[in-house]
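Taken together, the values in this text are just the output of simple stated rules run on the coordinates, not laboratory data. The shown structure was predicted, so the numbers you read here are calculated from the model rather than taken from an experiment. Note that each Cβ is placed from the backbone with ideal geometry, even for glycine, and that neighbours are counted across all protein chains shown.
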Amino acid sequence: MKIEKVTLEGSRVMLLPLGIQHIEPLYQALDDERIWTYLPGRMDNFEDMSRLVTDALDARQRGEELPFVVYDKETQKIVGMTRLLNISEPNRSVEIGYTWYSASVWCTRVNTESKFLLLKHCFEELRTVRVQLKTDRRNTKSNQAITRIGAKLEGVLRKERILQDGYIRDSVYYSIIDDEWDAVKQRLIAMLDQR
C-alpha cells in the first residue's frame, strides 16, 4: 500500500490533489454555514480556509493524509473537499473523512460518486483491507448516506471530540472491508446509474 498523490475521475466529479492554489476556490464554495455544523472546525473567514488547506498539506507531507478537492465537471467549479486520513500502511487501512460540500451540490450524485472513486482507489489500487468512515451521532443525513452505500456500523465512541462550539460529540464508526467491496461496488454502481 503506497499512498501517493493521484487524480480520480468519474462522470460528474474529479478528485484532484489539494494544492495551495485551491484556497480561494474552496473559500468560494462555502455557501451555507450548515456545512460546518458537525465538523471539528469552522471557516469564518479566508484565513480559516488558508489554515485548513496548509494543515492538510502539512499532513500529506508527513504521510498522514491524502487530501483532495472535489471538482464538479457539470458546474466547472470546486465544490468541496475530502481526505484519506488515519492512514496505516502496515495494517492496510485508511479512513475517508473530513468531507464537506457546497450546499449547491447537496442531494446530487457528487457525494456518491466521490465515495465510489475513493473506495475503488482504496480497495483496487491501494489494496486496503479496511476503510473506515465516521460521523457525528446527530448527523442523520451523513449516517444515512454511509449506511446507504453498504458500510457496516461498528459502534459509537462516546464524547469522542469537542467541536468548535464546545459541543462534546459522540462519533459513530462504520467500515467496509475488502471481503465486502464487490457487493458495495455493485450497490454504488446501481445508485449512480439511477441518478
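Worth a mention:
- Residue list for region 141-181, filter: of a type in the set (Val, Ile, Thr) and within 18 Å of TRP100 (Cα to Cα): ILE146, THR147, ILE149, VAL172
- Within region 57-76, restricting attention to residues that are farther than 13 Å from TYR101 by Cβ and charged (D, E, K, R), the residue that is surrounded by the most Cβ atoms within 10 Å (Cβ to Cβ) is GLU65.
- Total residues in region 53-65 satisfying the condition of being in contact with a helix residue (DSSP H, G or I) (Cβ under 8 Å, 6 or more places away or on another chain) and either over 26 Å from LYS5 (Cα atoms) or part of a helix (DSSP H, G or I) (or both): the figure is 3.
- Qualifying residues in region 99-112 (those that are more than 11 Å from the chain's Cα centre (by Cα) and crowded, with 21+ Cβ neighbours inside 10 Å) - the one nearest to ILE35 (Cα to Cα): SER102
- Single residue of ILE78, ILE149 found to be farther than 24 Å from ILE23 by Cβ, in contact (Cβ under 8 Å) with a residue 40 or more places away in the chain and among the aliphatic types (A, V, I, L, M): ILE149
- Qualifying residue in region 49-56 (condition: charged (D, E, K, R), surrounded by 21 or more Cβ atoms within 10 Å (Cβ to Cβ) and within 25 Å of TYR173 (Cα to Cα)): no
- Residue among ILE87, ILE96, ILE78, ILE176 that is in contact with a helix residue (DSSP H, G or I) (Cβ under 8 Å, 6 or more places away or on another chain), over 26 Å from GLU33 (Cα atoms) and assigned to a strand (DSSP E or B): ILE176
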